[in-house]
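**Q** Okay, here's the structure, questions in a sec.
Every number here is computed from the coordinates shown, using simple stated rules; none is lab data. Source: prediction; values computed, not measured. Here the Cβ is made from the backbone with ideal geometry for all residues, glycine too, and neighbour counts use every protein chain on show.
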Amino acid sequence: MPNNSRETVLNVLRGQKGDHVPNFSGMGSITLGGIQDLGYRFNEIHGDARKMANSAASTHRLFGFESAIVPFDMGVVAESLGAGMKYYDKADLGQIIYPTMTRKLVDRSTVTVPDGASEADAKTFVMKEIERQITEYELKMPADIASTGRIPVVLEAIRILKRELGDEVAVGSWTLGPFTELGQVMDLEVLLKMSAKKPEAVNRHLKFMVEYLDKVLNLHIDSGADFVTVREMGATSSIMSPRMFKSLVLPNLQELFGRLKRVPTVLHICGDTNPIIELMAQTGASALSVDQMNRLNETRAKLSNVVLLGNYKPFGAPFCDGTPEEVEAIIKQSLDQGADGVWPGCDIWPQVPPENMQAMIAAMKKHGSNSH
Amino acid sequence: MAPTSEQQADILERLKNGVIEYDEEVVVKAANEALELQMDAYQAVMDGLAAGMDVVGVYFASGEYFVPEVLMCADALYGGLHILRPHIKLDPDKMVKGSVVIGTVEGDIHDIGKNLVKMMFEVAGFTVHDLGRDVPLDNFVDKYMETDADIICMSAMMTTTMIGMPVVIEKVRAKNPHARIMIGGAPINEDIAQKWGADGTGKDAPNALQEALNMIGVLRDLGDQFKAERTQKEWGADGILQPA
Ligand code: B12
């Protein structure tokens, strides 16, 4: 790997050419082998800054991957707003179960059904009640964000990475986007319906999320993040219409990216992004990240001046169970279709065999120098 | 007062369009009129509400509707179903009597797809026991034994959580070799379903809602078999759902 890796990554994110197409990610990119070498279990690396940082660094150390990224799960921000989390402490050593939300601020668990209601009545009651609670709920900014929940763990992990690896390797971090984050703290189905019926009620919370994510991400940046990624997969065209994306999600992303000007930023959306890729380009993010469902060659043709990151599938076949040749083929495909940085469509699935990580790195060395 | 065929057609049309256009008020009004005119409640559900949902499925598969629209259509449908269902006269030739245990497997919190599938079963008249998401594997087996359900449906959206499915399949088969088991979610395909010994699956997102509808078509055909196997368990002689 050339020793100007970090510079290349940051240059590419800023829309300049590097001496090679970088091979990195802005999302979770740890391998099970990497954390087991360190003597860690998957479920203990989410709440301990040292373990989080060492895990994040291991992919660079083992394979020469060109970034180190924290955190790994999608609950950090929701938890800091008061949602309940589960860490699967009893999971087997080799098992990968991501921490998840157990309780949202508004969901079925916050509704008490009146005694004696029939099943049908209860169902309608719960829906209406969740809708009412969402409409009235006041999300509250934690008094001291930097010391709330696991946010200090993430900030400390960023500082460690910056200190120990920051000259050579780009250090990155991420949060979810305003809409997806809102779905982590309030019942997602009711939110989706309200987004169509009562968009103003939803938008009020989205504006709060913009304020909050701006603060959280700026804390990441203060701690040393070289670039930040915002993952708005809840607004994918696999779930909501491009029309809804445009009217409700886009303005809030524009506001958020408008405030994050100190470092390069990436907007990531997975699932179907073909119908909204041009809207994604209007958010003000420095670069766009998409997954394997995006027809990257068409996207490239539509958006010649946008920095595109993608789009190999980092789980299942062939990345996690195929041959090195098959891995080379999907990496080459992203390159051939015009990716400015080769990067996974989601978190790298930790059970990927080391040979396939090596095959990916080798494929990039072979095909990714900037002669093409 | 028997309804004229024009009145019937008009009400069915309004039930159907009310669902398609997710207008709960229209559906509720039409459902109440159907009862006033003493229309056959089963016909109103099947040729009105369910017919509307069939169209919604097509719109979803073709990308005209997205998840929020489908969820709103479902609300409209449930609005009508709650009114009509208690008045369905049990007709053993037509009823699909059956019950389903459904959930997203342990470690997996993706439940949007699962909920759409669940809804389809409810439309078709099934009793649905929804275990929710991140469901401990043994809960599928326990609920199945407890409810004596006809079908177990498991959903998984991740390549790693889906490996819980064969574990459940094996445990269930140990208790009842003839249990009917369906699995689905983005990483599941025909081959996997076959390999694990599941009886069926629905295709990848986003076309899968249509698959779920087809699936229900198959299940409707299975209705005869259900009838042979069981008496009026869930549905009492008056056509009213019996508490378990
Ligand atoms: C929305 C989403 C989320 C939301 C989920 C909200 C919710 N309540 O469901 C949030 C943001 C919370 C989320 C979290 C995570 N996600 Co996610 N998510 C998605 C996304 C973008 C869309 C999924 C979706 O809802 N699709 C729309 C519905 C309608 O489609 P569907 O689910 O496929 O369902 C249809 C069919 O499959 C079928 N079907 C479904 N179930 C069943 C059951 C039966 C019996 C049958 C017959 C049919 C059937 O019918 C349905 C209706 O059409 C996908 C991307 C993608 N390409 O799918 C990633 C994706 C599933 N997520 C992924 C990941 C990795 C995660 C996380 C682990 C990330 C992390 N670092 O924590 C966490 C999960 C934590 C956990 N422990 O579970 C990966 C999974 C990779 C893998 N290993 O397989 C995906 C594929 C993203 C990617 N491009 O890599 N996610």
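**Q** Hey, what do the phi angles of segment B:136-142 turn into as Karplus ³J(HN,Hα) couplings, whole Hz, using 6.51/-1.76/1.60 and θ = phi - 60°, x for Gly and Pro?
**A** Whole-Hz 3J(HN,Hα) from phi for segment B:136-142: x, 4, 5, 4, 4, 5, 4.
**Q** Of A:G33, A:L335, A:L213, which is farthest towards the positive pole of segment A:10-367's charge dipole, taken about the Cα centre with +1 and -1 on the beta-carbons of Lys, Arg and Asp, Glu respectively?
**A** Looking along the dipole axis, the top candidate is A:L213.
**Q** To continue, here is another question. List every residue whose amide H lies under 5 Å from the amide H of A:H268, counting only residues 5 or more places away in sequence or on a different chain, with H placed 1.01 Å from N in the peptide plane.
**A** A:V230, A:R231, A:E232, A:S289
**Q** I've got another one for you. Quick one: compute the contact order of segment A:153-238, relative version, from alpha carbon pairs under 8 angstrom and 6+ residues apart, as a percent.
**A** Computed value for segment A:153-238: 51 percent relative contact order.
**Q** Dipole of the protein assembly as shown (Lys/Arg Cβ +1, Asp/Glu Cβ -1, origin at the Cα centre): which of B:T201, B:M145, B:F126 lies farthest to the positive side?
**A** Result: B:T201.
**Q** Suppose only helical runs count, i.e. DSSP H with n ≥ 4. What mean residue ellipticity at 222 nm does that imply for chain A under -39500 (n - 2.57) per run, divided by all residues and rounded to the nearest 500 deg cm²/dmol?
**A** Dividing the helical sum by the residues of chain A leaves -13000 deg cm²/dmol.
**Q** What percent does the relative contact order of segment B:1-89 come to when contacts are Cα pairs within less than 8 Å and at least six residues apart?
**A** Once divided by the residue count of segment B:1-89, the mean separation gives 39 percent.
**Q** Got the relative contact order for segment A:1-157 handy, in percent, Cα pairs under 8 Å and 6 or more residues apart?
**A** 22 percent
**Q** Search the structure for amide H atoms under 5 Å from the amide H of A:V307, placed 1.01 Å from N in the peptide plane, and list their residues when 5 or more places away or on another chain.
**A** So A:V307 has HN proximity to A:L288.
**Q** A further question follows. Calculate how steeply helix A:188-197 sits against the longest principal axis of the alpha-carbon atoms of chain A, using the helix alpha-carbon long axis, and give the answer as 0 to 90 degrees to the nearest 10.
**A** Once rounded, one gets 70 degrees.
**Q** While we're here: Indicate the gyration tensor shape class of segment B:102-209 (rounded, prolate or oblate), computed on the Cα atoms with a ≥ b ≥ c the square roots of the eigenvalues: a/c under 1.5 is rounded; otherwise a/b larger than b/c is prolate and the rest oblate. Present the calculation step by step, with values, prior to reporting the outcome.
**A** Working: a/c = 1.33, a/b = 1.11, b/c = 1.19.
The shape class here is rounded.
**Q** Sticking with this one: Which FRET efficiency, nearest 0.05, do B:I163 and A:K215 yield, Cβ-Cβ r, R0 30 Å? Let's see the in-between values first.
**A** Details: r = 39 Å, r/R0 = 1.31.
Computed FRET efficiency for B:I163 and A:K215 comes out at 0.15.
**Q** To the nearest Å, what is the center-to-center distance of segment B:134-184 and segment B:1-73, using C-alpha atoms only?
**A** 33 Å
**Q** In whole angstrom, how far apart do the alpha carbon centroids of segment A:270-286 and segment A:150-198 sit?
**A** A separation of 18 Å, based on Cα centres.
**Q** How many percent of DSSP beta bridges within the protein assembly as shown run antiparallel, rounded to 5?
**A** Here the share of antiparallel DSSP bridges comes out near 10 percent.
**Q** Same structure, new question: Scan around A:N23 for amide H atoms under 5 Å from its own, H built in the peptide plane at 1.01 Å from N, and keep only partners 5 or more places away or cross-chain.
**A** Result for A:N23 returns A:E66.
**Q** For segment A:45-105 and segment A:214-243, what is the separation of their Cα centres, given in Å?
**A** Using only Cα atoms to place each centre, the spacing works out to 17 Å.
**Q** While we're looking at this one, here's another question. Please report B:D148, B:D108, B:D199 as a ranked list, fewest other C-beta atoms within 10 angstrom at the top and most at the bottom. Before the final figure, lay out the partial values.
**A** Details: B:D148 12, B:D108 25, B:D199 16.
The most exposed by this proxy come first: B:D148, B:D199, B:D108.
**Q** Please order B:R85, B:R180 by the number of other Cβ within 10 Å, starting at the fewest.
**A** B:R180, B:R85
**Q** Greater than 19 Å separation of Cα atoms is the criterion. Which listed pairs, A:K104/A:K193; B:K89/B:K118; A:K86/A:K128; A:K104/B:K118; A:K123/B:K118, meet it? Each step should come with its number before you reach the end.
**A** Working: A:K104/A:K193 17 Å; B:K89/B:K118 24 Å; A:K86/A:K128 28 Å; A:K104/B:K118 22 Å; A:K123/B:K118 14 Å.
Flagged as over cut-off: B:K89/B:K118; A:K86/A:K128; A:K104/B:K118.
**Q** Now for a separate question. Where does each of A:W343, A:W174, A:W349, B:W196 land when they are ranked from fewest to most other beta-carbon atoms within 10 angstrom?
**A** B:W196, A:W349, A:W174, A:W343
**Q** Tell me whether segment A:10-367 comes out rounded, prolate or oblate; compute the Cα gyration tensor, take square roots of the eigenvalues as a ≥ b ≥ c, and use a/c under 1.5 as the rounded threshold.
**A** Since a/c reaches 1.5 and a/b is larger than b/c, the shape of segment A:10-367 is classed as prolate.
**Q** Compare the peptides B:151-158, B:181-188 by average per-residue count of other Cβ atoms within 10 angstrom and give them in order, highest first.
**A** Packing proxy ranking, top to bottom: B:151-158, B:181-188.
**Q** Treating only the Cβ atoms of Lys and Arg (+1) and Asp and Glu (-1) as charged, compute the dipole magnitude of the protein assembly as shown about its Cα centre; round to the nearest 20 debye.
**A** Around 1480 debye, computed over the protein assembly as shown.
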